[in-house]
Amino acid sequence: MAMFAIYLKAFRLPFLTGSLMPVFMAAAYAYGQTRTFDFKAFLLTVLGVAALHSGGNLLNDYYDSLGSDPLNVRFTPFSGGSRVIQDGELSAATVRLLAYICLGVGVVCGAGLIYLGKYWVALIGLLGLGAAYLYSAAPVQLMSLGLGEATIFLAFGPILTWGAHYVLTDSLAPVGLALGLPLGFLITAILWINEFPDVEADAAAGKNQLVVRLGLKRAAWVYAGLMSAPFLSLFALMEGFGLPPHILAGLAALPLAVRAIRAVRRTAPGSPEFVSIQALTIQTHVVMGLALNLSLLYAALRH
């Protein structure tokens, strides 16, 4: 049981909502369009996405164990990695092996979808695999080049929903990309706010993510923009892509976002109170994700 808890911690399974919520959202919208549902393709997509996400998390822990994590004294329940390597619970080599196994499972799932005739998965899946690997892996390490945040936005937002929408509709329509905007902004906001406590360790290790490059004051303004953009994008989805007005249920997450935006400018990243801002950011993503999924499913069933 103790080892199960360690592996649960290493895989960061609760954070899989960041990748699976957009998949479910795209699936709900696809069902409303086609009135059919390919369960085999859907399950392969869910498993493949979860595997790539887990592999990316594990790979991030491995490479950060060689850089910023040993220097990080401000880690929180939401930032600073899983700490399984630093706490001596798993070796760095084991974490790296688990990462490659997960990425391999993701590739197998992609191959299964291609076998089912979803040929564009070869390209879309390669983009997802590349994001999972190159975000952390040397010598590229997009996270250290100031490109990690944009990579996460695309990989957990537009590209993810585009791929899921394509698998279930056989269409590469732009609406598949647009579906990923609200949750793409919010998952980027989660990464962004989690970089605040890590800023000193990251800078010392040469991990020059955008919060390091901008400084905390300017980064707080960007955070406000990332937390506001999802709500504006709901109207863009309705007006530009014809999504049903039911998606305005996503505004239910607005009070959480407002609380987080107000708190970030008056709370020091090293203080215990900062953890509540990280929690609010995650809660905003979860509440909006649930609201969008339920609203699109409701619209599909009423259609």
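Of note:
- Selected residue (only one of G225, G270 is of a type in the set (G, A, S), assigned to a loop (DSSP other than H, G, I, E, B) and over 30 Å from R302 (Cβ atoms)): G270
- Scanning region 16-40 for residues that are closer than 18 Å to A99 by Cα and surrounded by fewer than 21 Cβ atoms within 10 Å (Cβ to Cβ) yields a single hit, L16.
- Among residues of region 61-85 that are modelled with pLDDT under 75 and among the charged types (D, E, K, R), those with a beta-carbon under 6 Å from a residue that is surrounded by 23 or more Cβ atoms within 10 Å (Cβ to Cβ) and not in a loop (DSSP other than H, G, I, E, B) at least six positions away or on a different chain give the pairs R74/P197.
- Each residue in region 193-218 was checked for being under 18 Å from F75 (Cβ atoms) and either at pLDDT 90 or above or touching a helix residue (DSSP H, G or I) at 6+ places or on another chain (Cβ under 7 Å) (or both), and 16 pass.
Conditions (1) more than 30 Å from D202 (Cβ to Cβ); (2) part of a loop (DSSP other than H, G, I, E, B); (3) out of contact with any His (no Cβ under 8 Å at 6 or more places or on another chain), marked per residue:
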| site | (1), (2), (3) |
| --- | --- |
| Y7 | no, no, yes |
| G18 | no, no, no |
| G67 | no, yes, yes |
| T94 | no, no, yes |
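- Answer residue from region 20-40, given it is part of a helix (DSSP H, G or I) and not hydrophobic (A, V, I, L, M, F, W, C) and is nearest to C109 (Cα to Cα) among those: K40
- Applying the condition of being touching a residue at least 60 places away in the same chain (Cβ under 8 Å) and within 17 Å of the chain's Cα centre (by Cα) to region 118-140 and asking which residue is surrounded by the most Cβ atoms within 10 Å (Cβ to Cβ) yields A132.
- Some residue of region 250-267 being more than 17 Å from A27 (Cβ to Cβ), at pLDDT below 95, in contact with a Ser or Thr (Cβ under 9 Å, 6 or more places away or on another chain) and part of a loop (DSSP other than H, G, I, E, B): yes
- Residues satisfying the stated conditions in region 168-198, i.e. within 20 Å of the chain's Cα centre (by Cα) and β-branched (V, I, T): V175, I187, T188, I190, I193
- Some residue of region 44-55 being closer than 27 Å to P230 by Cβ and touching a Phe, Trp or Tyr at 6+ places or on another chain (Cβ under 6 Å): yes
- Residue that is surrounded by the most Cβ atoms within 10 Å (Cβ to Cβ) [pool: residues in region 157-190 that are hydrophobic (A, V, I, L, M, F, W, C) and in a loop (DSSP other than H, G, I, E, B)]: L179
- Filtered residues of region 129-156 (kept if under 19 Å from V212 (Cα atoms) and outside any loop (DSSP other than H, G, I, E, B)): L142, M143, S144, G148, E149, A150, T151, I152, F153
- Residue among L13, L43, L52 that is surrounded by fewer than 15 Cβ atoms within 10 Å (Cβ to Cβ), in contact (Cβ under 8 Å) with a residue 40 or more places away in the chain and not small (G, A, S): L13
The values are calculated or read from the model by the stated rules, or taken from the named source; none is laboratory data. Nothing here was measured: the structure is a model prediction, and the numbers come from that model. Cβ sites come from the backbone with ideal geometry, for glycine too, and all protein chains shown count toward neighbours.
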